[in-house]
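Before any comments, here is the structure.
Values quoted throughout were computed directly from the atomic coordinates according to the rules given, and no laboratory measurement underlies them. Source: prediction; values computed, not measured. Here the Cβ is made from the backbone with ideal geometry for all residues, glycine too, and neighbour counts use every protein chain on show.
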């Protein structure tokens, strides 16, 4: 056998024995897809186990969720709100007394073992009314927030995406509604109804409370629609509806979520204010605002009647504000 044949037999014959160029640790390569999602690829020629395969992408929402889980404010507000929601949905788990059972014989009783929060001037148990009063406040806050997100988001998205005369008309309509104070407009609206319900309050606050959401959505859409991935989708022939629903709205909705979370507490306060003024929910409905209004008449002699419903109202509003702050910090990269 010649020397050439001997050297040829010593060459590697399987793919596992092939030499790897750059066998040292390869650099990490970061790529980005069309909507800004970061992709990480380990090694110039793939990872050790899955050659050429990209790691699992981590998008903006995943990053926001990771930041949110690190926030103590998120856990504090989430626990409080979860307790309040359970209390509103299942009030019978917390008390077995009827909030509308108000015998005169137990008028203005102080807090005791039988009545933890005492009784009011009508003889109603304040603890049971405080528990059942959470339902009206939570319903008003959640449903009204959903209304302003849908209405304001739609107006802002159309105005920001199309621009031109559509933007001019919708902007002028928004400015007109902005000039009307929320509580004053709600008072006038509610006074035109004799039979007022929770849904009447939702309608009053929703009709006159969507403008801020519309403006924020408009500005966010204007920023997003000029992004490279939106321009690329338009160049590839994607329709307006597909671009809006798939590319623009998912990337423009983050500021709206922050505002909606904080606005939820604001609408709960507005409902309590309307009930306090006697123009909100009727007296037959159990409401924190109505109980606070009744308690002001005996504030000097029985301050506990004002303290407990006011405490629950304040904790609810504060919890939503804390949650909104935590969501804002998680969604805004500048605040991380």
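Treat the count of other C-beta atoms within 10 Å as a stand-in for reagent exposure and order 66, 218, 100 from fewest to most.
Least to most surrounded, the residues fall as 66, 100, 218.
Taking 0.36 nm per residue of sequence separation and subtracting the Cα-Cα distance, how much length would be gained by fully extending the chain between residue 296 and residue 100, in nm to one decimal?
Fully extending the segment from residue 296 to residue 100 adds 68.6 nm.
Can you give the FRET efficiency for residue 90 and residue 246, using 1/(1 + (r/R0)^6), R0 = 41 Å, r = Cβ-Cβ distance, to the nearest 0.05?
Efficiency at R0 = 41 Å is approximately 0.60.
Among 124, 102, which comes first, then next, by fewest other beta-carbon atoms within 10 Å?
Starting with the residue having the fewest Cβ neighbours, the order is 102, 124.
Tell me the label-point distance for the pair residue 78, residue 192, using the 7 Å Cα-to-Cβ offset, in nm and rounded to one decimal.
Label at residue 78, label at residue 192, 4.3 nm between them.
In whole angstrom, how far apart do the alpha carbon centroids of segment 135-174 and segment 207-233 sit?
Taking the Cα centre of each part, segment 135-174 and segment 207-233 sit 11 Å apart.
Using the per-residue mean of other Cβ atoms lying within 10 Å as a proxy for protection, in what order, highest first, do the peptides 138-150, 83-95 fall? It would help to have the intermediate numbers written out before the result.
Values: 138-150: 20.3, 83-95: 14.6.
Taking the mean over residues of other Cβ atoms within 10 Å, the ranking is 138-150, 83-95.
Modelling each spin label as a point 7 Å along the Cα-to-Cβ direction, I'd like the residue 165/residue 277 distance in nm, to one decimal.
So the two model labels end up 3.9 nm from each other.
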